[in-house]
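Chemist: Got a structure for you, written out below as structure tokens; questions coming shortly.
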Amino acid sequence: MSPLKAFTNGIYKENPIFKLLLGMCPTIAVSLAVSNGIGMGLAATFVLVGSNLIISLLRKFIPSEIRIPCFIVVIATFVTIVDLSMEAYLPQLHQVLGVFVPLIVVNCIILARAEAFASKNGPVASIMDGLGMGLGFTLALVVISLIREPLGTGVIFAAADLGFDGIKLFPAEYAASVVTQPVGGFITLGLLLGLVNLITDKKKDKQG
Amino acid sequence: MRQLLVILFSQAFVNNFMLSRILGTCPFIGVSQQVETATGMSLAVVFVMTVASAITWLVQNFILNPLNMAYLQTVAFILVIAALVQLIEMVIKKSSPSLYRALGIYLPLITTNCAVLGVAIINYQANYNLLESAVSGAAGGLGWALAIILFAAIRERQRLAPIPRAMEGFPIALVTTGLLAMAFLGFSGFDVARFMGL
């Protein structure tokens, strides 16, 4: 597969959230604010690119019987790098994302790409695949946060680490705080997936 | 004793792993087509979460802390959990073929269940001792089990309902989970310690 195709693949055609349905937990838990979504998405992108590169370089040396533990060690190393750097430079974001930063290790997207792509393709294509998948994940998180943040808090684009309080859309007492609860996450993602299906079906009907 | 009851109740209900902390969504939606398979998966999860909580506590306190290698926590925990799941699988296969038949196919899936690594890290952050960690793991597993069994029962009924084509499968499952989470929202802010007279 050409590197460019590997890159664009992850963004829409095989979007990890909307199409492959991988990595639901962080998606729902973190998409309370656009800044959280971007932070989580970029952290996962870094891990994806790093682990895809290393696994692709090592793919001829890793025996296939123990490949999963090997992949996990590589992924966990990159997650540790992200975890410690985020704690140092973006402490408030680290606080908000909490347990979900170390849990990037068990995010199915990363292991799935290592297994399905990086262990079979060269380093350049693997980097592009990691970048595409990571940005696709980030994009999905931003779309969900764009709905949940204003509905739940009345504010949009608030970013505590940058000292930015966000743009006030309406007073907080009119906000439906239930949208920032897990309830809102599950229902928003469910309806968005329904919408994606509807659009895909319409396209298919036109072609067929 | 009371402290353990508080941990049990808050991990299973107030901070339900699935519906309040949002951990373990993939298997929750993937293995909830039937109550029977959901029960099998839940048993495996309760078991692994309890054992993993205890083992990761030992690793943290007897290996990582004395060697000043707390920064290796994520790497160490995930390796221990992966090895543990393999080990449990082998032990069950040898000692109890009938249990293996019931749980066998679910065990390998558990390594990537984020509830297991999640509970290990949550126990560490809450500073639990060995017994408290194990209880917290078991309670977390039981809470997850409660959620998935309730959900599977709803999904069995849902198969007969007329659902718009675009909403079939994942979308409707997520909306249903949302409504279940709303029911569990009733527990939020519930002060377990005060309720038990502590």
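Chemist: Given 4 °C and 1.567 mPa s, compute D for the stretch A:72-135 with the Stokes-Einstein relation, Rh being the Kirkwood radius over Cα pairs; round to the nearest whole µm²/s.
Modeler: On the way: Rh = 12.7 Å.
Roughly 102 µm²/s, to the nearest whole number.
Chemist: So what J values fall out for the stretch A:138-150 if you push phi through Karplus, 6.51 cos²θ - 1.76 cosθ + 1.60 with θ = phi - 60°, rounded to Hz, Gly and Pro as x?
Modeler: 4, 4, 4, 4, 5, 4, 5, 5, 4, 7, 6, 4, x
Chemist: Pop a pseudo-label 7 angstrom from the Cα along the beta-carbon direction at both residue B:127 and residue A:146 and give the gap in nm to one decimal.
Modeler: Distance between the two pseudo-spin positions: 4.4 nm.
Chemist: If you don't mind, another one. For chain A, what is the calculated [θ] at 222 nm in deg cm²/dmol (nearest 500), taking -39500 (n - 2.57) for each run of four or more DSSP H residues and dividing by its residue count?
Modeler: My calculation for chain A gives -21000 deg cm²/dmol from helical runs alone.
Chemist: So, one more: For chain A, modelled as a Gaussian network with Cα springs under 10 Å, which listed residue fluctuates most, A:165, A:129, A:83?
Modeler: In this elastic network of chain A, the residue with the biggest mean-square fluctuation among A:165, A:129, A:83 is A:165.
Chemist: Using helices alone, I'd like the mean residue ellipticity at 222 nm for chain B: each DSSP H run of four-plus residues gives -39500 (n - 2.57), total over residue count, nearest 500.
Modeler: -21500 deg cm²/dmol
Chemist: Just the number: Rg to Rh for the stretch A:108-208, Cα atoms, Kirkwood Rh, two decimals.
Modeler: When Rh is taken as the Kirkwood radius, the ratio is 1.11.
Chemist: Oh, and also: As an exercise, take the mean of 1/r over every pair of distinct alpha carbons in chain A, invert it, and state the Kirkwood radius in angstroms. Don't jump to the answer; show the numbers that get you there.
Modeler: On the way: mean 1/r = 0.0560 Å⁻¹.
After inverting the pairwise mean of 1/r, the radius is 17.9 Å.
Chemist: Using every alpha carbon pair in the stretch A:142-183, what percent of pairs falls into each 10 Å bin from 0 up to the bin containing the largest distance?
Modeler: 32, 55, 13
Chemist: Based on the Cβ-Cβ distance of residue B:93 and residue A:173, what FRET efficiency does E = 1/(1 + (r/R0)^6) give at R0 = 41 Å, to the nearest 0.05?
Modeler: 0.10
Chemist: Which three lengths, in whole Å and largest first, does the protein assembly as shown cover when its Cα atoms are put on their principal axes?
Modeler: 60, 56, 51
Chemist: List the residues whose amide H sits under 5 Å from the amide H of residue A:155, counting only those 5 or more places along or on another chain, with H placed 1.01 Å from N in the peptide plane.
Modeler: A:169
Chemist: Can you tell me which lysines have their Cα less than 25 Å from the Cα of residue A:60? Leave out same-chain residues fewer than eight positions away.
Modeler: Filter leaves A:5, A:120.
Chemist: Could you tell me the convex hull volume per residue, in Å³, taken over the Cα atoms of the stretch A:1-121?
Modeler: 106
Chemist: Would you list the membrane-span-like helices of chain B, meaning whole DSSP H runs whose alpha-carbon atoms span at least 18 Å along their axis and whose mean Kyte-Doolittle value is at least -1.0?
Modeler: B:35-59, B:73-95, B:130-158, B:170-184
Chemist: For chain A, with a Gaussian network of springs between Cα atoms less than 10 Å apart, report the residue from A:162, A:90, A:103 with the top mean-square fluctuation.
Modeler: Looking only at A:162, A:90, A:103, the biggest GNM fluctuation is shown by A:162.
Chemist: Here's another thing I want to ask about it. Rg and Dmax of the stretch B:11-58, Cα atoms, in Å?
Modeler: Looking at the stretch B:11-58, its Cα Rg and Dmax stand at 11.9, 36 Å.
Chemist: In Å and whole numbers, how far do the C-alpha atoms of chain B stretch along each principal axis, longest first?
Modeler: The Cα atoms of chain B stretch 59, 46, 30 Å along the principal axes, largest first.
Chemist: While we're on this one: Considering Cα pairs under 8 angstrom that are at least six residues apart, work out the relative contact order of chain A and quote it in whole percent.
Modeler: Across chain A, relative contact order equals 33 percent.
Chemist: On the first, second and third principal axes, largest extent first, how far apart are the outermost C-alpha atoms of the stretch B:126-188 in Å?
Modeler: 50, 21, 17
Chemist: Please tell me the relative contact order of the stretch B:69-198 in percent, rounded to the nearest whole number, where contacts are Cα pairs under 8 Å and at least six residues apart.
Modeler: 16
Chemist: Would you please give the FRET efficiency between residue A:8 and residue B:159, computed as 1/(1 + (r/R0)^6) with r the Cβ-Cβ distance and R0 = 30 Å, to the nearest 0.05?
Modeler: Values: r = 37 Å, r/R0 = 1.22.
Calculated value: 0.25.
Here, each number is a calculation from the coordinates, and none is a lab measurement. As the structure is a computational prediction, the values presented were derived from the model and not from experiment. With ideal geometry, Cβ positions are generated from the backbone for all residues, glycine too; neighbour counts draw on all protein chains shown.
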